[in-house]
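What follows is a single structure, written as structure tokens, with notes after it.
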Amino acid sequence: MKKSITDQTYYGLVYFITIMAVIVTLYPFLYVLSVSLSSVNAIDKQLVILFPVEFTLSGYKMVLQYPEIWTSYYNTIWYTVVGTALNIFATCLAAFPLSRTRFFLRRKLNFFIAFTMYFSGGLIPVYILITSLGLYNTRWVMVLPVLVMTFNVMICRSAFESIPNEVFESASMDGANDITMLFRIAVPIVKPTLAVLTLYYAVFHWNNFFSALLYLGDHSLQPLQIFLRRVLIMASPEIMQKMGGGTATSQLAVSSLQVRYVSIVVSILPIIMIYPFIQRYFVKGITLGAVKG
């Protein structure tokens, strides 16, 4: 069926806006990647526009030979893996009872959980609480205070609510208890939603620097994002000198710029590699349990 001029104009405008949005979104990342793979001389002469100039991996060799980045990497991976696993477990335990109509505290707990989305105790009381519990300067301070996130509990609760009650009634008649119904029936059914929540939690833990900035004074426990903060924002002379090695003083500024861009690429690479494996669950997981009009 031939489209009218109005339809052709509309679709042309939509395609143009989409292409421009892709370019605006993608170009900064390509530029950072190209600078990280270009020579110091090309960066100094500002020859890098889109693609690498005088391709070299010297910047990655400088960054990856610095021991602190590997310590930070290990810490971030530990916080992400352990934190995400505990988050999903706790979220399921919180969401499943709230999705069952026969749970007598369902309405009250739903109200108190939603209340925390709008009101909090504030930073100072939370800091005093964490230090009183002995979590300061420990790995668990990055995991336990954010064990359950309200919005994710609501998403998971909606997914559990979409499961017909007849399924649980049938399982109950066969002798299944609540724990069995949760892990043997409910969790497998809402697996797409849990995959999305896993992505949410993992990205949060990978990017979380504020908690570490407040509660982790020990450098051996700090995640990769604190290391990046020292490189990108503070431009720590100690790190730049150690990474720069024998770089001449006149080229140190250019070398430090490359070090920053290499650090950005190294920090986001794992998330970029993992995301395609979870992407197929993304749309299905978001729409599962949504309110139908």
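The values are calculated or read from the model by the stated rules, or taken from the named source; none is laboratory data. In this text, all values refer to a predicted model and were calculated from it rather than measured experimentally. Don't worry about glycine lacking a Cβ; one is built from the backbone with ideal geometry, like all the others, and counts go over all protein chains shown.
Given the conditions (1) of a type in the set (D, E, K, R); (2) free of Cβ contacts under 8 Å to residues at least 12 places away in the same chain; (3) part of a loop (DSSP other than H, G, I, E, B), report the number of the one that D7 does not fulfil.
(3)
Tell me which helices (runs of 4 or more DSSP H) are completely within segment 139-228 and hold 3 or more residues being within 29 Å of R102 (Cβ to Cβ), touching a residue at least 40 places away in the same chain (Cβ under 8 Å) and of a type outside the set (V, I, T), or say none if there are none. Working first, answer last.
Details: elements: 150-161, 165-173, 191-207, 210-215.
Correct list: 150-161, 191-207.
Please work out which residue is surrounded by the fewest Cβ atoms within 10 Å (Cβ to Cβ), limiting yourself to segment 28-63 and to residues that are part of a helix (DSSP H, G or I), at pLDDT below 85 and of a type in the set (S, T, N, Q).
Taking the candidates together, the pick is N41.
Checking the structure you have, find out if any residue of segment 151-174 is within 15 Å of the chain's Cα centre (by Cα), surrounded by 16 or more Cβ atoms within 10 Å (Cβ to Cβ) and not basic (K, R).
Yes, because at least one residue in segment 151-174 is within 15 Å of the chain's Cα centre (by Cα), surrounded by 16 or more Cβ atoms within 10 Å (Cβ to Cβ) and not basic (K, R).
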